[in-house]
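> Could you have a look at this structure, given as C-alpha cells, before my questions?
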Amino acid sequence: MGKKKEKETPEVALEKLPIKDLKAEAAKIDGVEGVYGMTRQELVSAVRKSKGMEEQKPGKGGSIRDLKSKMNDLRKKRDEERAQGATKDRLNILRRKIAGLKRLSRKSA
C-alpha cells in the first residue's frame, strides 16, 4: 500500500486525539519537559500554545465538576420540595433542569 501520512491536528480535533498521539506532538515541542507525566488537559494546552491556538473555554454549562455540583443542589432542592408537598408541575420543572444538566455534562466530557 502507501506510506502512512502524518496526522495534521486541527484545533478542534486535539481533544479527540489519543493520549499517545498528544504525547508525541508535545514531545516535538522545544521547551516542554515532562511530557510523559502530563495529563490530557496539560498536553492539549501545551500543543495549543505551541501552535498559537487559543485556549478553548469550557462549554455552555462550565466544567463537569460545576455541572455536577449544580445537579446535586437541584436534587436536594427537589427532595426538599417533594417532602413539603410541592405540585407535580414544580417537580417536573426541577426534573427537566436536572436532566438538562446531565445532558450538558455528558456532552462536555
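> Going by the conditions given, is Leu101 open to solvent by less than 90 Å² (accessible area, probe 1.4 Å), at pLDDT 95 or above and in contact with a helix residue (DSSP H, G or I) (Cβ under 6 Å, 6 or more places away or on another chain)?
Values: open to solvent by less than 90 Å² (accessible area, probe 1.4 Å): yes; at pLDDT 95 or above: no; in contact with a helix residue (DSSP H, G or I) (Cβ under 6 Å, 6 or more places away or on another chain): yes.
Criteria not met by Leu101.
> Every residue in segment 1-29 that is modelled with pLDDT of 85 or more and open to solvent by 100 Å² or more (accessible area, probe 1.4 Å), please.
Lys20, Lys28
Per-residue answers, yes or no, for (1) at pLDDT below 90; (2) open to solvent by 100 Å² or more (accessible area, probe 1.4 Å); (3) under 12 Å from the mean Cα position of the chain (by Cα):
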| site | (1), (2), (3) |
| --- | --- |
| Ala46 | yes, no, no |
| Gly59 | yes, no, yes |
| Lys68 | no, yes, no |
| Lys76 | no, yes, no |
| Glu80 | no, yes, no |
| Ala83 | no, no, no |
| Ala86 | no, no, no |
| Arg90 | no, no, no |
| Ser105 | yes, no, yes |
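The values are calculated or read from the model by the stated rules, or taken from the named source; none is laboratory data. Remember, predicted model here, so these are calculated numbers, not experimental data. Cβ coordinates were reconstructed from backbone atoms using ideal geometry, including for glycine residues, and neighbour counts include every protein chain displayed. We work out accessible area using only protein heavy atoms, side chains counted, and drop any ligands, DNA or RNA first. Shrake-Rupley method; radii C 1.70, N 1.55, O 1.52, S 1.80 Å.
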